[in-house]
1. Ordered by packing density, taken as the mean number of other Cβ atoms within 10 Å over each peptide's residues, highest first, how do 49-62, 23-36 rank?
2. Skipping prolines and chain starts, which residues have an amide H placed within reach, meaning under 5 Å, of the one on Ser69, given they are 5 or more residues away or on another chain?
3. Could you derive backbone 3J(HN,Hα) for the range 17-33 from the dihedral phi with the Karplus parameters 6.51, -1.76 and 1.60 (θ = phi - 60°), listing whole Hz in sequence and x where the residue is Gly or Pro?
4. Short version: ³J(HN,Hα) in whole Hz for each residue of the range 34-42, in order, from phi by Karplus 6.51 cos²θ - 1.76 cosθ + 1.60 (θ = phi - 60°), x for Gly and Pro, what are they?
5. Just the projected area, averaged over all directions, of the convex hull on the alpha carbon atoms of the range 25-66: how many nm²?
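Please treat every number below as a calculation from the coordinates, not as lab data. The structure presented is a predicted model; accordingly, all values stated were derived computationally and were not measured. Neighbour counts are summed over all protein chains in view; Cβ atoms, including those assigned to glycine, are modelled from backbone coordinates with ideal geometry.
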Amino acid sequence: MPGIKCVIVGRQSWREAIRTAPWMPAKLGRLECRKEFAYAREWNGKFYATKQVRPIFVEEAGEIVSLQSRTYAVRFPWGL
């Protein structure tokens, strides 16, 4: 099972995830989407190949209101 850690997400990754990833229902009438990006960096002493951005948001009057955004760095056990 890959190791997953939280990392800081930039606005560009968040926007791209909302614009290009499929939206899914989330709890409490909210929406969410997920998109993976190449990360290929060391963070907190370990190398991570991928980061996954997961914005949680609502759409109101034609605007996206971000309630939360989670980002995970994924470390594969085989060392990618």
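1. 49-62, 23-36
2. Under 5 Å from the amide H of Ser69 lie the amide H atoms of Ile56, each far enough along the sequence or on another chain.
3. My calculation for the range 17-33 gives 4, 5, 6, 10, 8, x, 7, 10, x, 10, 5, 6, x, 8, 10, 8, 8 Hz in order.
4. Taking θ as phi minus 60°, the curve returns 9, 8, 9, 10, 5, 10, 6, 9, 8 Hz for the range 34-42.
5. About 4.0 nm², averaged over all directions.
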